[in-house]
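A.B. asks: Pasting a structure here, questions to come.
What follows draws every value from the coordinates through simple rules; no lab data is involved. On a predicted model such as this, the values are computed, not experimentally measured, just so you know. Cβ sites come from the backbone with ideal geometry, for glycine too, and all protein chains shown count toward neighbours.
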Amino acid sequence: MNLDFCDASKIDDSKIVGSYFLKSKLGGSSLSTVWKAEHRITGEAVAVKQVYLSKLNKHLKNCLDCELNFLSSVNHPNIIRLFHVFQAESSIFLVLEFCAGGSLSSYIRHHGRVQEEIARRLMQQLGLEILHSHHIIHRDLKPENILLSGQFADVVLKIADFGLSRRVQPGKYAETVCGSPLYMAPEVLQFQSYDDKADMWSVGVILFELLNGYPPFHGRTNFQLLQNIKSCACLPFSQFILPTLHPDSVDICSRLLSVNPVHRLSFVEFYNHRFLRKEEKEHGISRENRLNTHFSFDFCSVLLTMLVYLIRSHPSCLR
């Protein structure tokens, strides 16, 4: 990807980089800072991710390349959009879509667990199909990296922060230990090679957290966390919540959170699970039938329009 080189300056309390006012910090780490920003001319609100090049080793630079190449090549409603990239102050700046609804983590923290129907709708929006088609492993899927666009009643999920992502071809494996421990698959915690099934574990932790209000496994150290995962005979749903859950909800969590990645749900198995397809079955309408219904309705509409035209053009035909 070609980069523009821009100057940086400061006016009052706002820092200016390129065409943007950096207004306030949204988050960050030792490697990057995410800003809420505005375009200097249009006033459009955006998020600007500042990546500090001096702090990136070879591995992290490869991850940055993967992030830029992937985001610049996709336009998907459930993947955060990348508008522009430029370099200034020894940093790379990614100008991204701003999501006013904040993160899924913030929502869970303020509102607690969600109902199964909402959890299902959120899982259906994860956008994993676009990652799968590009052979991308995100490697840091967690509620903090899932953003909400719009009001929660009509919310659209956006997967964000591909800073640790990597392209891994089918049959190949990654080995670098990275991510957030509470959402990391056990094979990653054990320094073993892994594939996209590691992301499916993270999806299972997120779904469990949506249904239960907090992640399934904890530990003061990564070793203790791994021991708690491996010693768990059944998922630690709250005794007050478990009786209210449909068996399909418990089953998909159990199969996503299988310690052995061979037995863990794949991307295809996840999207074909009864939990995600239940809404269609309840209404007795498959995706194919819905398309056929729309086609039949459109065809009838065309016939009706033609009939009205003929009657108006040749009223004598009614006599």
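A.B. asks: Give me the net charge for the shell around W35: Cβ to Cβ below 12 angstrom, other residues only, Lys and Arg +1, Asp and Glu -1.
C.D. replies: Result for the local shell: +4.
A.B. asks: In addition: At 0.36 nm per residue, and after removing the present C-alpha to C-alpha distance, how many nm does the segment from F191 to R220 gain when stretched out fully?
C.D. replies: Additional length available on full extension: 8.6 nm.
A.B. asks: Moving on to the next point. What nm distance separates the two modelled labels at Y173 and Q124, each placed 7 Å from Cα along Cα→Cβ?
C.D. replies: Each label point is offset 7 Å from its Cα along the Cβ direction, giving 3.6 nm.
A.B. asks: Please identify the GluC sites (Glu not before Pro) of the stretch 58-127 that satisfy two criteria: DSSP loop assignment and at most 14 other Cβ atoms within 10 Å. Which are they?
C.D. replies: E89
A.B. asks: Follow-up question, since we're still on this one. Between S133 and V268, with labels modelled 7 Å along Cα→Cβ, what's the label distance in nm to one decimal, could you check?
C.D. replies: 1.6
A.B. asks: Equivalent ellipsoid semi-axes for the stretch 57-154, as square roots of 5 times the alpha carbon gyration tensor eigenvalues: give them largest first, rounded to whole Å.
C.D. replies: Semi-axis lengths for the stretch 57-154 are 27, 16, 13 Å.
A.B. asks: Moving to a separate point now. State, to one decimal in nm, how far the label point of N57 lies from the label point of K230, with both points 7 Å from Cα in the Cβ direction.
C.D. replies: About 2.5 nm, to one decimal.
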